[in-house]
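Below is one structure, written out as structure tokens; comments come after it.
The values are calculated or read from the model by the stated rules, or taken from the named source; none is laboratory data. Since the structure is predicted, the reported quantities are computational estimates derived from the model, not experimental observations. Positions of Cβ are generated from backbone atoms using ideal geometry, with glycine treated the same way; all protein chains shown enter the neighbour counts. All accessible areas refer to the heavy atoms of the entire protein, side chains included, with ligands and DNA or RNA removed. Shrake-Rupley method; radii C 1.70, N 1.55, O 1.52, S 1.80 Å.
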Amino acid sequence: MQTVSADHAMTQYAGGPSAAVLADIYQRAVNLAVWEGGLDWQARLGAETLCRARPGFLCNIHGRASAVDDDVRRRWPSDPALAPLLQAVTDCARMFEELFEPPAIGLRITALDRAMCPRFHVDRIPVRMIATFCGPGTEWLPNRAVDRDHLGASGAASSPQVQRLRAGDVALMKGENWLGNEGNGLVHRSPAVEEHTARLIATIDWLD
């Protein structure tokens, strides 16, 4: 069963255990759709293995999903234990392309030991998919907790207001450039990463 919970104005969360919930991003009132626990345990275990074996791993590719798939496979470490992780990443790329049919996509797979974007912000893109394979998930704010005039300032929200995606989640976040979503891009930030904690994420962006 999927759920859609209202916060304020247009900011709402749609979540559920089926990949079908991701299509709810097309609802005007939804700017965060989450396939909860969509990444299986083998892919998540592979992510932890990759973080240990290749700290700082980065793969950044642009193109059509089919070409991205081939490029990722060429660059991927030759370790059978990482095959389920590779499959999950390429499945996410295909899913993104099927949902939106963008001219091109940007795929970035990153092993992190620190927050990339530690302050709350919005993205100037139509939509982004983020898959959290291991470690803490992206933090986000419901609209009722947002002062958009002060985004980027430290201490922009108190901890009870902050929501967080979980390891295993696949999420779609609307940005400012989604048609009709101006002024309502999802406000989010990278989480703090504790020492000796592995975090591996894949992000997929709509590119013109």
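Some observations on this one:
- The stretch 189-203 residues near the modelled R164 label - backbone nitrogen below 16 Å, point 7 Å along Cα→Cβ: 189-201
- For the pair A20 and E98, the difference between a 0.36 nm per residue extended length and the Cα-Cα distance amounts to 26.9 nm.
- Largest-first ordering by accessible area, 1.4 Å probe, given options D91, D208: D208, D91
- Computed across the chain, the Kirkwood radius stands at 17.2 Å (inverse of mean 1/r, all Cα pairs).
- Potential lengthening between A53 and R148 on full extension [0.36 nm per residue; Cα-Cα distance subtracted]: 30.2 nm
- Total formal charge among the other residues, if their Cβ is under 15 angstrom from that of S66, Lys/Arg +1 and Asp/Glu -1: -3
- Here the label points at D40 and E194, each 7 Å from Cα along the C-beta direction, are separated by 3.0 nm in the simple model.
- Here R124 and S78 are evaluated by their C-beta separation; at R0 = 41 Å the FRET efficiency comes out at 0.65.
- Projecting label points 7 angstrom from Cα along Cα→Cβ for D113 and N177 puts them 3.3 nm apart.
- Calculated [222 nm] ellipticity per residue, helices only, for the chain: -6500 deg cm²/dmol; basis is -39500 (n - 2.57) per DSSP H run with n ≥ 4, divided by all residues, nearest 500.
- Solvent-accessible area of the stretch 8-93 (1.4 angstrom probe, protein heavy atoms only): carbon and sulfur portion equals 53 percent.
- For the stretch 200-208, Karplus couplings with θ = phi - 60° (6.51, -1.76, 1.60), whole Hz, Gly/Pro x: 10, 10, 10, 10, 10, 10, 6, 10, 7
- If you take all other residues with their beta carbon under 14 Å from the beta carbon of V21, and give Lys and Arg +1 and Asp and Glu -1, the sum is -3.
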